[in-house]
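The block underneath contains the structure these notes are about, expressed in structure tokens.
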Amino acid sequence: MVCKVCGAENPDVKRCCSECGSFLEGYTVNNVTGEYGYRGADGNFYKSQELYEQAKQIRSILQQAMKEKLDPIIHQMTSILGAAFQAGFDSGLECSKLINKEGEV
């Protein structure tokens, strides 16, 4: 199997390129199950290249949705936590005074 990243020739049963370490992509035999199928660039084994392409599309859609939905929430939480820590710092509070011996706030 030829590595799509560096072009090195590798045995078909290898999962990663012996030269650059990238996952090898292409039709091969699953070392665990003995099934013939397609190993994607993500390192996972699929029954066909079509299933791999579908998985890539779904993964892309999910990543975009997470970015659109989660990034604003993470930004807001970071701002709130930053403001809370700054307020505690400005008032002279120490972390040890905010947390009891059991680790509760």
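The values are calculated or read from the model by the stated rules, or taken from the named source; none is laboratory data. Remember, predicted model here, so these are calculated numbers, not experimental data. Backbone-built Cβ (ideal geometry, glycine too); neighbour counts: all protein chains shown.
Observations
- Candidate set from the range 42-72 (those that are at pLDDT below 90 and among the aliphatic types (A, V, I, L, M)); member that is nearest to residue 10 (Cα to Cα): 66
- Candidate set from the range 28-41 (those that are part of a loop (DSSP other than H, G, I, E, B) and within 22 Å of residue 58 (Cβ to Cβ)); member that is modelled with the lowest pLDDT: 30
- Filter result (surrounded by 13 or more Cβ atoms within 10 Å (Cβ to Cβ) and modelled with pLDDT under 90) within the range 1-27: 1, 14, 15
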